[in-house]
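K.L.:
One structure follows; several queries about it will come next.
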Amino acid sequence: MPKRKVTYPPPKTANRPPPPTGLPDDAPYVRPTVATIDVSAGKGRAGLSVGARVRITGSGLYSGEFAVIERLANGVIPSAVVRTEAGKTRQVRTIDLEPAGPPPAGPASAGPAPAGE
């Protein structure tokens, strides 16, 4: 009985980009798996306190939402635990928070209704 021909899967290096040629007009190679690090995050943001109303900036979950600071944590990268208006909690770097004023006044907080005749 003759042996079957063995087939091998393509090598994992088959989908790599070609190596740079060294010419000055080559674009710099950026590895797709490397994370970018914000070195200014270690400074944090001043003026935040527990109970303050803030807006979550930056990218990620709950970006653009308003929240209330529940706890502040100092460390290498200062962070805060916040509760959004939807009731969800999340830990956020303080550099990704910006102070917001008091909640906007709605029709219920406009005061008593004027008396009609």
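The values are calculated or read from the model by the stated rules, or taken from the named source; none is laboratory data. Everything quoted here is computed from the prediction, not taken from an experiment. Heads up, the Cβs are rebuilt from the backbone with ideal geometry, glycines too, and the neighbour counts pull from every protein chain shown. Areas reflect the complete protein model, heavy atoms only, side chains present, ligands, DNA and RNA absent. Shrake-Rupley method; radii C 1.70, N 1.55, O 1.52, S 1.80 Å.
K.L.:
Checking Thr89 against (1) of a type in the set (Ser, Thr, Tyr); (2) closer than 18 Å to Ile37 by Cα; (3) open to solvent by 50 Å² or more (accessible area, probe 1.4 Å), which test does it fail?
P.N.:
(2)
K.L.:
Show the residue pairs that are 6+ apart or on different chains and have beta-carbon atoms under 7 Å apart, the first residue being within segment 22-45 and closer than 18 Å to Ser79 by Cα and of a type in the set (A, V, I, L, M), the second being open to solvent by less than 100 Å² (accessible area, probe 1.4 Å) and part of a loop (DSSP other than H, G, I, E, B).
P.N.:
Ala41/Ile77
K.L.:
Another one. Can you pull out the residues in segment 1-52 that are touching a Lys or Arg at 6+ places or on another chain (Cβ under 9 Å) and aliphatic (A, V, I, L, M)?
P.N.:
Within segment 1-52, Ala41, Val50 qualify.
K.L.:
Next question, about the same structure. If I filter segment 52-76 down to residues being open to solvent by 70 Å² or more (accessible area, probe 1.4 Å) and among the charged types (D, E, K, R), which single residue comes out as nearest to Thr36 (Cα to Cα)?
P.N.:
If we take residues in segment 52-76 being open to solvent by 70 Å² or more (accessible area, probe 1.4 Å) and among the charged types (D, E, K, R), then Arg55 is nearest to Thr36 (Cα to Cα).
K.L.:
Right, something else. For segment 26-45, state whether one or more residues are closer than 14 Å to Leu97 by Cα and either in contact with a Gly (Cβ under 6 Å, 6 or more places away or on another chain) or in a loop (DSSP other than H, G, I, E, B) (or both). Even if it seems obvious, please write down each step before you answer.
P.N.:
Let us first name the residues in segment 26-45 that are closer than 14 Å to Leu97 by Cα, namely 40-45.
Adding the requirement that they be either in contact with a Gly (Cβ under 6 Å, 6 or more places away or on another chain) or in a loop (DSSP other than H, G, I, E, B) (or both) leaves 44-45.
Scanning segment 26-45 turns up at least one residue that is closer than 14 Å to Leu97 by Cα and either in contact with a Gly (Cβ under 6 Å, 6 or more places away or on another chain) or in a loop (DSSP other than H, G, I, E, B) (or both).
K.L.:
Would you check if there is a residue in segment 77-85 being surrounded by fewer than 12 Cβ atoms within 10 Å (Cβ to Cβ) and of a type outside the set (Lys, Arg)?
P.N.:
Taking segment 77-85 first, the residues surrounded by fewer than 12 Cβ atoms within 10 Å (Cβ to Cβ) are none.
No, there is no match, as no residue in segment 77-85 is surrounded by fewer than 12 Cβ atoms within 10 Å (Cβ to Cβ) and of a type outside the set (Lys, Arg).
K.L.:
If you don't mind, there's one more thing I want to ask. All but one of (1) in a loop (DSSP other than H, G, I, E, B); (2) open to solvent by less than 80 Å² (accessible area, probe 1.4 Å) hold for Pro20; state the number of the condition that does not hold.
P.N.:
With (1) in a loop (DSSP other than H, G, I, E, B); (2) open to solvent by less than 80 Å² (accessible area, probe 1.4 Å) applied to Pro20, the lone miss is (2).
K.L.:
Still on this model: Only one residue in Ser79, Ser63, Ser59 is under 28 Å from Ser40 (Cα atoms), polar (S, T, N, Q), modelled with pLDDT of 75 or more and out of contact with any strand residue (DSSP E or B) (no Cβ under 7 Å at 6 or more places or on another chain), so which one is that?
P.N.:
The match here is Ser59.
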